[in-house]
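Remarks on the structure that follows.
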Amino acid sequence: MPQITVQYPFALAAGFDTRRFALTLHTTAADLIDSPLAGFKTRFLVLYDTVVGDGSPGHHMVHALVEIRPGRTDKCKEQLGEMVLRLLETHLVLPGGSSVQVTTEIRELHNYRQIILPRT
């Protein structure tokens, strides 16, 4: 059920093992939010044009949106957000002389529907 979207700049692509990040997040978050591992879906969007602050080269941003079904406590959502930030921090390798603002947002999914194909 969790839908996770991570946006990051092309300049950080070489130092970001997206698959390892996603698999670590899935297995770690599954217990925290009591969600089956098979339902996690993560996609990565590479940004080719970003401007952070004064636009100086080497200033980057990474944003993770985690959408989950309602029913989790505010504390659980806070813990999930912190977990995502820590995992991004440990899975990003920054080019020399650069900095990155890492942000996350936890959002509730309402009226979420899913089917799995092919149907049997």
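Looking only at the stretch 1-58, residues that are within 17 Å of P95 (Cα to Cα), touching a Leu at 6+ places or on another chain (Cβ under 6 Å) and of a type in the set (A, V, I, L, M, F, W, C) come to 1 in all.
In summary, strands (runs of 3 or more DSSP E) completely within the stretch 1-72 and bearing 2 or more residues that are touching a residue at least 60 places away in the same chain (Cβ under 8 Å) and surrounded by 14 or more Cβ atoms within 10 Å (Cβ to Cβ) occur at 3-9, 59-68.
Any residue in the stretch 106-120 that's in contact (Cβ under 8 Å) with a residue 12 or more places away in the chain: show its pairings with residues that are among the polar types (S, T, N, Q) at Cβ separation under 7 Å, as long as the two are six or more apart or on different chains. Cβ pairs passing all conditions: L109/Q3. The C-beta contact set for the stretch 75-92 (first residue farther than 19 Å from Q3 by Cβ and without any contact (Cβ under 8 Å) to a residue 24 or more places away in the chain, second residue part of a helix (DSSP H, G or I) and of a type outside the set (A, V, I, L, M), distance under 8 angstrom, 6+ apart or interchain) is empty.
Output yes when any residue across the stretch 56-65 is out of contact with any strand residue (DSSP E or B) (no Cβ under 8 Å at 6 or more places or on another chain) and at pLDDT below 95, and no when none is.
Yes; the residues of the stretch 56-65 include at least one that is out of contact with any strand residue (DSSP E or B) (no Cβ under 8 Å at 6 or more places or on another chain) and at pLDDT below 95.
Selection of the stretch 93-115 for residues being assigned to a strand (DSSP E or B) and under 27 Å from D74 (Cα atoms) yields V100, Q101, V102, T103, T104, E105, I106, R107, E108.
Exactly one residue among E78, E82, E108 is at pLDDT 95 or above, over 22 Å from F10 (Cβ atoms) and in contact with a Ser or Thr (Cβ under 9 Å, 6 or more places away or on another chain), and that residue is E82. Taking the stretch 36-59 as the region of interest, how many residues are touching a Pro at 6+ places or on another chain (Cβ under 6 Å) and within 12 Å of P2 (Cβ to Cβ)? Within the stretch 36-59, residues that are touching a Pro at 6+ places or on another chain (Cβ under 6 Å) and within 12 Å of P2 (Cβ to Cβ) number 1.
The values are calculated or read from the model by the stated rules, or taken from the named source; none is laboratory data. Note that the structure is a prediction, hence the values are computed from the model and not measured. We place every Cβ from the backbone using ideal geometry, glycine too, and count neighbours over all the protein chains shown.
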